[in-house]
Structures are given as C-alpha cells and as structure tokens.
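Step one of this worksheet: look at the structure below.
Please treat every number below as a calculation from the coordinates, not as lab data. Quick caveat, the model's predicted, so the values are computed rather than measured. Heads up, the Cβs are rebuilt from the backbone with ideal geometry, glycines too, and the neighbour counts pull from every protein chain shown.
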Amino acid sequence: MTLLSQDLSRERIPVTVPDELAARVRALRRARREAQTRASRVRRVLLAPTASRDADAHVSKNHR
C-alpha cells in the first residue's frame, strides 16, 4: 500500500524539476545574452573615434 504523499512526491518531481530547470536555463541564457549585449555596447563606445585635443581647443576658441 502506498500513501497519498508518496504518490504525489513521486509524480511531482519529474514534472516540476524539469520546469524549474528549464526556467533556470532560460534565465541564464537571457542573462548571458544581456551581458554580451552590454559588453558589445561598452566596447563600441570605448572604441568609438574621439576628437583630438587640438580640435577641441580650436572649437572652444571659436565659441568665445
């Protein structure tokens, strides 16, 4: 004779564990994708061309 709690625990584990695991996998993949997006944006900003100091000095003199 099996108890009701034993039947529920036996059925519950295969159903919820894969669901929880799938949710964790999705969350980790989303976090990785967002981290890669942030890293590429930072890289793009850091590698963007900037004006030289001579050009900045020239512009500031003309605006006075």
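Using θ = phi - 60° and the Karplus relation 6.51 cos²θ - 1.76 cosθ + 1.60, list the HN-Hα couplings for the stretch 35-41 in order, rounded to whole Hz, with x at every Gly or Pro.
In residue order, the calculated couplings are 5, 5, 5, 4, 5, 5, 5 Hz.
How much net charge surrounds L28 when only the other residues with a Cβ under 13 Å from the Cβ of L28 are counted, with Lys and Arg +1 and Asp and Glu -1? Let's see the in-between values first.
Working: positive: R24, R26, R29, R30, R32, R33; negative: E20, E34.
With Lys, Arg at +1 and Asp, Glu at -1, the net is +4.
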